[in-house]
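Only the coordinates and a few stated rules stand behind these numbers; no lab work does. This structure is a prediction, so every number in the text was calculated from the model and none was measured. Glycine also receives a Cβ, built like all others from the backbone with ideal geometry; neighbour counts cover every protein chain displayed.
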């Protein structure tokens with residue numbers, strides 16, 4: 001990549017630069033993540049003004065620079081105006097952008113990641129079931145990165161788990177550290193086994209700490225899911241959520257489903273933050289957007 005080059009990409013992050021420019025972080029199909037200046041984009045009559053906005057997909061003509069590349073031409077291919085008309089949808093879009101930024105590579109084609117982002121942003125924009133769409137999008141991005149949680153069988157025993165929807169007291173464990181669902185007896189051993197040493201050796205990595213110590217310091221790494229929550233979680237690997245599942249996200253109609261999607265998002269959030277080793281800053285607004293006013297926040 002040298003001189004002037006063309007790329008198709010979506011703006012995942014935009015920040016003001018100088019008096020009238022914008023600094024863009026763009027996920028491109030051909031070259032992965034690039035950072036480029038859109039000169040004069042903040043001027044009133046700039047041709048790059050709208051094209052340098054968040055979540056706009058452009059066909060770009062870019063000049064390579066010493067430190068930063070420069071966008072000299074942009075032709076819009078797609079945008080998602082519905083995202084900016086709803087705080088919850090905009091927050092969900094920013095959440096996905098952070099996930100994409102945490103796994104995208106530079107100087108390598110990222111066509112699959114770009115395709116996933118475009119597809120799921122479109123679903124979030126058009127569907128009333130924002131929370132369900134966000135959960136599935138998060139799962140698909142984690143799957144593309146090769147770190148999706150195991151939701152079909154116990155991570156410890158390898159036994160296939162089928163939730164009993166007829167039993168209101170049915171529960172399954174979820175361990176962020178182990179990588180997915182865990183039978184409750186095994187989850188108790190993972191999180192509370194007093195026979196495990198609580199100190200780490202000088203050669204161990206920061207994550208190689210005892211399970212008991214982890215449970216005490218990071219309780220969000222261990223959770224229990226209901227039969228409905230696991231059943232919904234198991235549907236996320238499918239290419240599309242059925243219309244039935246999307247409709248039940250409306251909290252006024254089906255509060256039990258709304259609460260289930262909240263729990264699933266929370267589990268996937270902590271799982272992604274742990275395995276990608278970075279916080280999802282936009283997640284702080286998820287609780288504000290979706291939790292009932294009298295419900296406690298789960299933000300770490």
* Structure fact -> Note on the stretch 121-182: alpha-carbon gyration tensor, axes a ≥ b ≥ c; rule is a/c under 1.5 for rounded, else prolate if a/b larger than b/c, else oblate; result oblate
* Ranked list, fewest to most other Cβ atoms within 10 Å of each Cβ, for 34, 264 -> 34, 264
* Asked: If each of residue 19 and residue 184 carries a label point 7 Å out from its Cα toward its Cβ, how far apart are those two points in nm?
  -> 6.7
* Asked: According to a simple spin-label model (label point 7 Å from Cα along Cα-to-Cβ), what is the distance in nm between residue 171 and residue 84?
  -> 4.6
* Structure fact -> Label model pair residue 159, residue 75: point-to-point distance (7 angstrom along the Cα→beta-carbon line) in nm is 6.0
